[in-house]
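Student: Got a structure for you, questions after.
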Amino acid sequence: MYDSDTYLRRLGYDPAARPAADLAGLVALHKRHMAAIPFNSTASLAVPAPSGRPVDLVDFDEDATFDSVVAAGNGGGCVQMTRLFLRLLRDLGFDADLIAGTTAEGRQAYGVEVEHMLILVRVAGESWLADIGYAGPSFVEPLRLGIEGEQRQYGCRYRLVTEADGLSVQRRPKLGQWSTVYEFTTTVRAPADWAPVDKAINAVLETGGDDSGLYSRALSDGQVVLKGRRLLTVRGGIEKTSTVTDDGAWHAQRSAILAGEVG
């Protein structure tokens, strides 16, 4: 059952000394969440779906989801983790709402505009983009909205670029080029807005598609992502990519990410 004290303990806090609803609190909560709770596509499907379909993205049981994703530390998918994190932020006094984005892969696979779920947080008159539910590589601390220029984190650079229909998050590692992470708008959304992608994803899963597996976790200075057989590690802005062909090595790497034992 959802419990904010249990949530805070999972993130490494003493519930008796709750983080303040200020920028420092938001930054710490964001990074701690990405480090403590992995993105886990397998666990996202393990949460019981009341509808009987592979996964429920709109009408899911938040208590059962919390027990698996947070309390048990299994992690989950974008919508599951983001909805729970939004609830925690609000419990702590933050002014926060759901907003939506679309990745290039999501648009191609599902043909929808509302796919990825993000959080818009307002702190001391400024707006911040929070996203603890994207496998990556991406930012591990919130990005400030409404400013031009680059924002730097752990050796990587980020910028928010105005597009025809909204904004795009662009990222550049230390030795790489700019690339688009995803596009989004700041329009406040309700969970029901994800009904089209809910339908599309279940249609794919019910036909046996999308079984590559996706796992990630934030590190002290970056992020590690295992997508199918491709392993990407970002540390201090330096990217290292390899293909894990050996089954034993793949299972060991996956277990290390899920257990938080990546060095």
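Every number here is computed from the coordinates shown, using simple stated rules; none is lab data. On a predicted model such as this, the values are computed, not experimentally measured, just so you know. Cβ: placed from backbone, ideal geometry, glycine included. Neighbour counts: every protein chain shown.
Student: Measure off 7 Å from each Cα along the Cα-to-Cβ vector at ALA252 and THR186, then give the distance between these two points in nanometres to one decimal.
Tutor: The two pseudo-label positions are separated by 4.8 nm.
Student: In debye, nearest 20: dipole of the chain around its Cα centre with unit charges on the Cβ of K, R (+) and D, E (-)? Don't skip to the answer; put the middle values down first.
Tutor: Working: 27 positive and 34 negative charges, 199 e Å.
Magnitude of the dipole: close to 960 debye.
Student: Using only Cα atoms, locate the centre of the range 62-79 and the centre of the range 119-142, then give the distance between them in Å, rounded to an integer.
Tutor: 20
Student: While we're here: Using a simple spin-label model with points 7 Å from Cα along the Cα→Cβ vector, what separation in nm is obtained for THR243 and GLN108?
Tutor: Going from the THR243 label point to the GLN108 one covers 1.7 nm.
Student: Please state the relative contact order of the range 22-95 as a whole percent: Cα pairs under 8 Å, 6+ residues apart? Can you show the working numbers first?
Tutor: Values: 64 pairs, mean separation 24.0, N = 74.
Worked out over the range 22-95, it gives 32 percent.
Student: So what is the 222 nm mean residue ellipticity for the chain from helices alone, if each DSSP H run of at least 4 adds -39500 (n - 2.57) and you divide by all residues, rounding to the nearest 500 deg cm²/dmol? Provide the component values of the computation, followed by the final result.
Tutor: Working: 8 runs with 78 residues, N = 263.
Computed ellipticity for the chain at 222 nm equals -8500 deg cm²/dmol.
Student: Using a Förster radius of 35 Å, what is the FRET efficiency between GLN177 and ARG229 based on their Cβ-Cβ separation? Nearest 0.05, please. Don't skip to the end; give the middle numbers.
Tutor: On the way: r = 24 Å, r/R0 = 0.68.
E(calc), rounded to 0.05, equals 0.90.
Student: Please state the relative contact order of the chain as a whole percent: Cα pairs under 8 Å, 6+ residues apart? Each step should come with its number before you reach the end.
Tutor: Working: 501 pairs, mean separation 48.8, N = 263.
Contact order relative to length: 19 percent.
Student: Could you sort 44-54, 97-107, 213-223, 13-23 so that the peptide with the highest average Cβ count within 10 Å comes first and the rest follow in order? If you can, show how the numbers build up before the last one.
Tutor: Working: 44-54: 14.8, 97-107: 18.1, 213-223: 20.0, 13-23: 13.1.
Going from most to least packed, we get 213-223, 97-107, 44-54, 13-23.
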